[in-house]
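J.: I have a structure here, written as structure tokens, and I will follow up with some questions on it.
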Amino acid sequence: MPLRVLLALHQGGGAGSVNSTLALGLGLRARGVDARLVCPPGSPVEAEARAGGLPVHPLPLARQSRFMNARALGALLRDQPVDIINSQGSRDREAFTWLGLTRRLPAPLILTRRSFPRSTRLQNWLAARVSARVIALSASVRDELVRRGTPAGKVVVVPSGFVAGRMDRPVSDAERDAWRARIGWEPSRRVIGVVARPKDQAVVLAALAHVATPVRLVLAGLDAAALAAPLPPVPERHAVVRLPFDPAIRPLYELLELALHPSRWDAFPQAVLEALALGLPVVASNATGNAEIIRPEVDGLLVAPTDPAAWAAAIDRLLGDRDLAARLGASGRRRAREDFSLDRMLDRTLAVYHAVLAERALRR
């Protein structure tokens, strides 16, 4: 009988954590695991899961509805028994924690923490108490969890894997031309970009005052508030383009000479892995998950997170040294595809599942 695993996720799409969870489910399924996914009904992730052959249990896990969410998940587990429960988001984690505290969890619970914890020390301690393991995406997330009360012996670091299927597809000339028109491309400005939800984009905007090379800065993935906010003054030699989230972002990478990731609190950013895997030179904040992916001066450049002058110096340096940019791009490509492959993530995750089941068998 195949291993039965329930993955639970309250988010519906648009984030790297959602893409990574979907890749995990599809990858487990490809390895013969009976993996299933709880996700919001009618969401993009539900459609992608079904298209990929991953069984879906559409459940609307509402905000601040722990008890109602717990009842829904408890009923699902009674109807659809599993060997492992793997929570991937905050709302499902809260619901499963309540089921565990009330002794209604029918299978071992594994919590995957895909971001830095914002819950209280008590909430972290209670969640860890009912779980068999806590998977942290990076050492920095692990350290923060331990600082907030999670026993160190329960935490295992399993970095996300690069999801090649999202990026490894041919891009047509028509797609490139459409994106050139969309960003207002022109040969007089070099194209650099941030492909991420709102983070520390303001630091990069401030850096433009110090960047000597004329650039077109593309900020892609912004929410409505970030799109509507007034831009700071930008020197005339530069141009700034702001775009909302678009799942079909792949052609934009063909136009970028340099990818930037200004973020101090990313657990293990998929955006950095994707840019590296495509061979783009990357400049990122020297913080948290960025610093665990990028080896400075080997795979990319790490800079002081909130220092615009440091960002400007790194941008000018890479745009002015094609040999350095090519070397970093080639090394980053190997780093993302070999050290952080999806297969490696699947191996490590399955090892956690089997270790938990072996411990449970010994206790019986």
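The values are calculated or read from the model by the stated rules, or taken from the named source; none is laboratory data. Note that the structure is a prediction, hence the values are computed from the model and not measured. Note that we place each Cβ from the backbone using ideal geometry, even for glycine, and neighbour counts take in every protein chain shown.
J.: Show the residue pairs meeting these rules: Cβ distance below 9 Å; 6+ apart or different chains; first residue within the stretch 351-363 and outside the structural domain of residue 108 (by TED's automatic domain parsing); second residue of a type in the set (Gly, Ala, Ser) and exposed (fewer than 12 other Cβ atoms within 10 Å of the Cβ).
T.: Within 9 Å, no pair qualifies.
J.: Next question. If I go through the stretch 133-172 residue by residue, how many of them are farther than 23 Å from residue 22 by Cβ and not in a strand (DSSP E or B)?
T.: Of the stretch 133-172, the ones farther than 23 Å from residue 22 by Cβ are 139-140, 142-155, 172.
Checking which are not in a strand (DSSP E or B) leaves us with 139-140, 142-154, 172.
Residues that pass the stated criteria total 16.
J.: Give the residues of the stretch 221-247 that are under 27 Å from residue 167 (Cα atoms) and either part of a strand (DSSP E or B) or basic (Lys, Arg) (or both), sorted by residue number.
T.: Passing the criteria: 221, 222, 239, 240, 241, 242, 243, 244.
J.: For residue 362, indicate whether it is surrounded by fewer than 14 Cβ atoms within 10 Å (Cβ to Cβ) and either of a type outside the set (Lys, Arg) or in contact with a Phe, Trp or Tyr (Cβ under 6 Å, 6 or more places away or on another chain) (or both).
T.: Numbers: surrounded by fewer than 14 Cβ atoms within 10 Å (Cβ to Cβ): yes; either of a type outside the set (Lys, Arg) or in contact with a Phe, Trp or Tyr (Cβ under 6 Å, 6 or more places away or on another chain) (or both): yes.
Yes.
J.: Could you check the stretch 167-192 and list, in sequence order, the residues that are of a type outside the set (Lys, Arg) and crowded, with 16+ Cβ neighbours inside 10 Å? Step through it out loud before you land on a result.
T.: Applying the first criterion (of a type outside the set (Lys, Arg)) to the stretch 167-192 yields 167-168, 170-175, 177-179, 181, 183-188, 191-192.
Residues satisfying the conditions are 167, 179, 183, 185, 191, 192.
J.: Six or more apart or on different chains, Cβ atoms under 8 Å: show the pairs whose first residue is in the stretch 220-245 and of a type in the set (D, E, K, R) and surrounded by fewer than 16 Cβ atoms within 10 Å (Cβ to Cβ) and whose second is outside any loop (DSSP other than H, G, I, E, B) and at pLDDT 95 or above.
T.: 223/244
J.: Is it fair to say residue 300 is crowded, with 24+ Cβ neighbours inside 10 Å and of a type outside the set (Asp, Glu)? First the steps, then the outcome.
T.: On the way: crowded, with 24+ Cβ neighbours inside 10 Å: yes; of a type outside the set (Asp, Glu): yes.
Yes: the conditions hold for residue 300.
J.: Still on this structure, please answer the following. Out of everything in the stretch 104-137 that is among the hydroxyl-bearing types (Ser, Thr, Tyr) and at pLDDT 95 or above, what residue ends up being farthest from residue 364 (Cα to Cα)? Steps first, please.
T.: Our first condition is that a residue be among the hydroxyl-bearing types (Ser, Thr, Tyr); within the stretch 104-137, this holds for 112, 115, 119-120, 131.
Narrowing further to those that are at pLDDT 95 or above: 112, 131.
Numbers: 112: 25, 131: 17 Å.
Filtering the stretch 104-137 for residues that are among the hydroxyl-bearing types (Ser, Thr, Tyr) and at pLDDT 95 or above, the one farthest from residue 364 (Cα to Cα) comes out as 112.
J.: With the checklist (1) in contact with a Gly (Cβ under 8 Å, 6 or more places away or on another chain); (2) assigned to a helix (DSSP H, G or I) in hand, flag the one item residue 347 doesn't pass.
T.: Only one criterion is unmet by residue 347, namely (1).
J.: A follow-up question, please. Would you mind finding the one in 143, 92 that is of a type outside the set (Lys, Arg), over 20 Å from residue 355 (Cα atoms) and without any contact (Cβ under 8 Å) to a residue 24 or more places away in the chain? Before you say what the answer is, go through the steps one by one.
T.: On the way: 92 fails: without any contact (Cβ under 8 Å) to a residue 24 or more places away in the chain.
Checking each option against the conditions leaves just 143.
J.: Can you find, within the stretch 199-220, the residue that is nearest to residue 313 (Cα to Cα) among those that are touching an Asp or Glu at 6+ places or on another chain (Cβ under 8 Å) and either part of a strand (DSSP E or B) or assigned by TED's automatic domain parsing to the domain that holds residue 16 (or both)?
T.: 216
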